[in-house]
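The values are calculated or read from the model by the stated rules, or taken from the named source; none is laboratory data. Since this is a predicted model, take the numbers as computed values, not measurements. Note: ideal-geometry Cβ built from the backbone for every residue, glycine included; neighbour counts use all protein chains shown. Only protein heavy atoms, including side chains, enter the accessible area calculation; ligands, DNA and RNA are left aside. Shrake-Rupley method; radii C 1.70, N 1.55, O 1.52, S 1.80 Å.
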Amino acid sequence: GTITAVEIKIGEVAKADTDVMVLQDISNLYFEGLVNEENISLIKEGQNADVVFDAFGDSKVVNAKVKEVNLSSTRDSDVVNYQITASFDDATEMKTGMTATATILIDKKESTLSVPVRAVYEENGVSFVYVVTNLDKKKYERRDVSIGFLADGALREVMSGLSVSDSVVTSLVEPESK
């Protein structure tokens, strides 16, 4: 191990209940992060993770692999999270305690039509969007769609019911009642 911190000054008397130094295995650094309960079922051991450290900026991505998904949850402000641990392929530039964010690729689809999540509505188990029919007159029509994959919580795959040339409404303004 390596001494990473000394908690006592030279000449100071060490007390029985006080840490004097911190000894760590810096040859085996890893990432610990929290995943919310909505997404934890998608995380599996062995998945690749791209880790970005605040200290290095967004342009440097460090490869890691999910090694553990904790079975017990933590709760913070009514948000349920699960801790994951990921090991690095190369941890030569990392230091203990660095702040980082990990992105874990769950699935990948090519040439997929997607719309913002806020454009998709559901009623009686049927998903639909509003498609712009006349932009100048602000006219739109309801169109039922078949939805698929949710990407990054912001985009929803549309498997049928829309074409690439369609424009969808992302927010509706309710008319004022008189």
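The table for this structure:
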read-out: Size of charge dipole - the chain - debye, nearest 20, with Cβ of Lys, Arg +1 and Asp, Glu -1, no other charges; value: 580
read-out: Lys pairs under 28 Å by Cα in the chain, provided they are eight or more residues apart or on distinct chains; value: 19
read-out: Packing-based ranking, highest mean first, of 1-8, 70-77, 154-161 given that Cβ atoms within 10 Å are counted; value: 154-161, 1-8, 70-77
read-out: Spread of Cα-to-Cα distances over 5 Å intervals beginning at zero, given as percent, for region 24-178; value: 2, 7, 14, 14, 13, 12, 10, 10, 8, 5, 3, 1, 1, 0, 0
read-out: Sequence ranges 162-168, 133-139, ranked by mean other-Cβ count within 10 angstrom, highest first; value: 162-168, 133-139
read-out: Stretch gain in nm, segment LYS109-GLU68, where the contour uses 0.36 nm per residue and the Cα spacing is subtracted; value: 12.2 nm
read-out: Carbon plus sulfur fraction of accessible area for the chain, probe 1.4 Å, in percent; value: 47
read-out: Separation of alpha-carbon centers, region 6-34 and region 37-73, rounded to whole Å; value: 26
